[in-house]
Structure formats: C-alpha cells, structure tokens
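The values are calculated or read from the model by the stated rules, or taken from the named source; none is laboratory data. Here the structure is a predicted model, which is why all the values come from computation and not from measurement. Here Cβ is always computed from backbone atoms with ideal geometry, including for glycine, and neighbour counts include all displayed protein chains.
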C-alpha cells in the first residue's frame, strides 16, 4: 500500500495510541483486535495530504490539519444549559449526550420505552452480545479509509441506539456530540451505532457541537443498520468553530423495502467533510440524501456523498445546496453506483451553489457509475450568483437593497430548511441561518452584478 502522507503525520497520533492501548488493556479481545487492525490501516494510509491522483481528496487540502498537534485530552465539562443554548433541543426528545467522545448519563435524558435501548457504546461493548459484535465496525471497517480507521483505533465510547422489531418511536432520538472547552488542541473520536430492526421507525437527530474557542479535531463515525421494511428519518447538524477540523464518516446498510432519508446542515469549521455512503443491499430500498452548507472567510466544506444500488428496484436522490462567500471553498463529490444486478433502479443527483463572492469557489463532480441496462438516472451541478435584474425586481417593490439581498439568500436556503420538520430543530437551523446571512453578505461582492 502506498503511503500518502509523511511519517510525521502518523507519528502525531502514535504516542496517544500507545497510551490508549495501555489504558484499555482490559478491553474484550474482539475490541482490541478491531483497534489493532484499524491502527494498522491508518498507519499504512496516513492522513491523505497528497491530492494528485487521489480523487477522494483532490479538492481538499489537509495540510493545515497535519501542521497542528492534537492531544487525546481528558473529557471536559459542559452544562445542559450551555447545550440548550447552542444546539437544537426539546425536553420531549430522547436525548443522549456524548462529551469529548464519552457518554454522559448526567446530561442525557432517556425515557423508558419498551423495545428502545439507548445506552453508552461502552456499556453495550461490555455486554458482548452477538448482535453488537456482528455490527460494530463492519460498515466503516470494510474500507481502507483514514478517518474511520483512526476513529476505530481509538474506539472507546459513544452512543448505541437499538430499536426492536416492529417498534415505532414517536419522539425524535437526539444524539449530541459535544467538544468541550479546552486550552489544548485535542482529537476526539465520537461514535454512534444504530440498529433499527425490521419494521421499526425512528427519527434520529445527530448534532455535532463544538463550544471550544481553540482548534480541535473531531473524526466522528456513524454506522446505521436498517432491517427490512424499517423507516429512519435522519438529520445531521454540524456546528464547529472556525479554526477546527471535522471529518465525519456515515455508513448505512439498507435491507429490502427500507426508507432512509437524511438532511444535513453544516456551518463553521476551518475544514469539514460530511462523508456519507448508503448501500441499498436488498430490493425496494429507498435512500434520500439532502443537505445545506454555508461557508465564509476561508472555510472549507466537503460533501462526499455516495449511494450504491446493489439490488433491483431501489431509488435514490442526492440533492445539496451551498451558499459561499469570502474566499471560502466547497466540494460536492456525488457518486451513484448501480451494480449489474440492480435493474429497475432510479437514481437522481443534483448540487446547486450560490456564490456570493468572486473569491469563493465550489468544485462539483457529480458522477454515475452504471453497470445495469434497465435503469433511470440523472445528475447535474450548477454554480451562479444573484444577477442585477433579480435584485432590482425586489427593490422596485419597495424593498431596500440590504433586505433584498438577505431575502434572496434566505430564499435559496428555504427549500432545505423546510426539510427539518421537528419544530425545535427547524427553529434552530432557521435561527442559525438568519444569523449567518449578514456575515455572508458582509463578504459578498457579486449580488446584483451582471
């Protein structure tokens, strides 16, 4: 295997890994084996800083990440009030809080419902059930991917959600991953495992909240398993500070007649990636992946979105929107693979971007990889700005220039915002969007130009 980074970039994590293995010497052997295999993978791959010939990282420069030292620091503290003030929250939701990768029973609000298990991942590991062993690190562990390997090498705690067969949960399940305040630059490895069994139905809200004012590195991994005829509505909210790094991995396995719908909302971060892949592994599976990302300054948001149709009769839809200003950059890398046996598949893919500044850049590379001959598929991507006529239309009706600009930017985002259906969640993303629009406009120089 070709090493795609300098040895120093791997060495940055070596001492922390050695210390971690000593601390976790009493872990079950099967878990230690997972960690060892993952560390071996990461040691060979390294952080992908070389982009030439590397399609996965062609447009994302990770050199700033390798230039910093991140420590596996102790878990910090945070209050419920701070989380409520900075993240979506509803007292009626089932809420699991993970602080710096460690499950917090004190901050979590878990209601007792038959057929629903909401516990720490560490507690689930200690039970050593066959179900857990058959799932953990089997989706994110199959591939040779640096950041899922790094997360698994430091596999320790997180959240575990299990929904029994036929159980339908009315209130959303909210998993909040918090990076606490710290003077140190730390690496945290949040983990979430979801087992939604046949005929079950849940709404899952996944929030990543960074309240630190220093540079932090978060490499979360989410694995979702859906049994046949199950339904899972997923929302992902990424709220990082502007000098931190967030490189997230989500892997989904869908069985027959499942419905997986995910909408993401991403702001902040010096460099962030939302890497999500869903495998439609049985007939009749349906997958919808949508999202909104906003960047300003020199921020970088990377959306690595992929769907594999492995069996016939599946449907998938990828649709993302970006709003960029300043000298920020975004990447949309969308891929749909239709395997030879996946006849009668229907796949669509679209990425739309609003560039508010001449210095902003979006690199979009939608792609279809098709090996079946009886399918329907489409893809496309656009990037543009608000022209003079559109702005004048609102001004001619008595709207002042700044308000008109804000209305147009908000109108572009509205379609995605409306997908956040739980009231408290919608109110939150709406508020964050309204607060960021003036920041975006302050760096804009293209609205109202020809």
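If we keep just the residues of segment 182-200 that are in contact with a helix residue (DSSP H, G or I) (Cβ under 9 Å, 6 or more places away or on another chain) and in a loop (DSSP other than H, G, I, E, B), which is farthest from residue 117 (Cα to Cα)?
Going through the qualifying residues, I end up with 189.
Quick check on segment 163-181. Is at least one of its residues within 24 Å of residue 424 (Cα to Cα), touching a residue at least 60 places away in the same chain (Cβ under 8 Å) and in contact with a helix residue (DSSP H, G or I) (Cβ under 7 Å, 6 or more places away or on another chain)?
The answer is yes, given that some residue of segment 163-181 is within 24 Å of residue 424 (Cα to Cα), touching a residue at least 60 places away in the same chain (Cβ under 8 Å) and in contact with a helix residue (DSSP H, G or I) (Cβ under 7 Å, 6 or more places away or on another chain).
Do we have any residue at all in segment 134-155 that's more than 26 Å from residue 306 (Cα to Cα), touching a residue at least 24 places away in the same chain (Cβ under 8 Å) and either surrounded by fewer than 18 Cβ atoms within 10 Å (Cβ to Cβ) or touching a strand residue (DSSP E or B) at 6+ places or on another chain (Cβ under 9 Å) (or both)? So that I can check it myself, show each step before the final result.
Of the residues in segment 134-155, the ones more than 26 Å from residue 306 (Cα to Cα) are none.
No - not one qualifying residue is present in segment 134-155.
Could you check segment 252-267 and list, in sequence order, the residues that are surrounded by fewer than 23 Cβ atoms within 10 Å (Cβ to Cβ) and under 24 Å from residue 189 (Cα atoms)?
253 - this is the single residue of segment 252-267 that is surrounded by fewer than 23 Cβ atoms within 10 Å (Cβ to Cβ) and under 24 Å from residue 189 (Cα atoms).
Restricting segment 403-425 to residues that are touching a helix residue (DSSP H, G or I) at 6+ places or on another chain (Cβ under 7 Å) and surrounded by fewer than 16 Cβ atoms within 10 Å (Cβ to Cβ), which is nearest to residue 353 (Cα to Cα)?
Per the criteria, the residue is 410.
Taking strands (runs of 3 or more DSSP E) that do not extend beyond segment 336-393, which have at least 3 residues that are under 24 Å from the mean Cα position of the chain (by Cα) and under 13 Å from residue 316 (Cβ atoms)?
Fully inside segment 336-393 and qualifying: 346-355.
Which residue out of 314, 334, 322 is surrounded by 23 or more Cβ atoms within 10 Å (Cβ to Cβ), in contact with a strand residue (DSSP E or B) (Cβ under 9 Å, 6 or more places away or on another chain), modelled with pLDDT under 95 and within 22 Å of residue 262 (Cα to Cα)?
334
What number goes with the only condition from (1) in a loop (DSSP other than H, G, I, E, B); (2) within 26 Å of residue 431 (Cα to Cα) that residue 411 does not pass?
(1)
Give the residue, chosen from 359, 398, 384, that is modelled with pLDDT of 95 or more, surrounded by fewer than 19 Cβ atoms within 10 Å (Cβ to Cβ) and more than 30 Å from residue 205 (Cβ to Cβ).
On inspection, the qualifying residue turns out to be 359.
Just to be sure, is residue 128 surrounded by fewer than 23 Cβ atoms within 10 Å (Cβ to Cβ) and under 23 Å from residue 245 (Cβ atoms)?
The answer is no for residue 128.
Say we look at segment 269-291 and pick out the residues that are farther than 25 Å from residue 142 by Cα and buried (at least 24 other Cβ atoms within 10 Å of the Cβ); which of these is farthest from the chain's Cα centre (by Cα)?
For segment 269-291, the residue satisfying everything is 269.
State all residues of segment 24-33 that are surrounded by 11 or more Cβ atoms within 10 Å (Cβ to Cβ) and either in a loop (DSSP other than H, G, I, E, B) or without any contact (Cβ under 8 Å) to a residue 12 or more places away in the chain (or both); if no residue qualifies, say none. Don't jump to the end; show me each part of the working.
First pass over segment 24-33, keeping only residues surrounded by 11 or more Cβ atoms within 10 Å (Cβ to Cβ): 24, 27-28, 30-33.
Selection gives 24, 27, 28, 32, 33.
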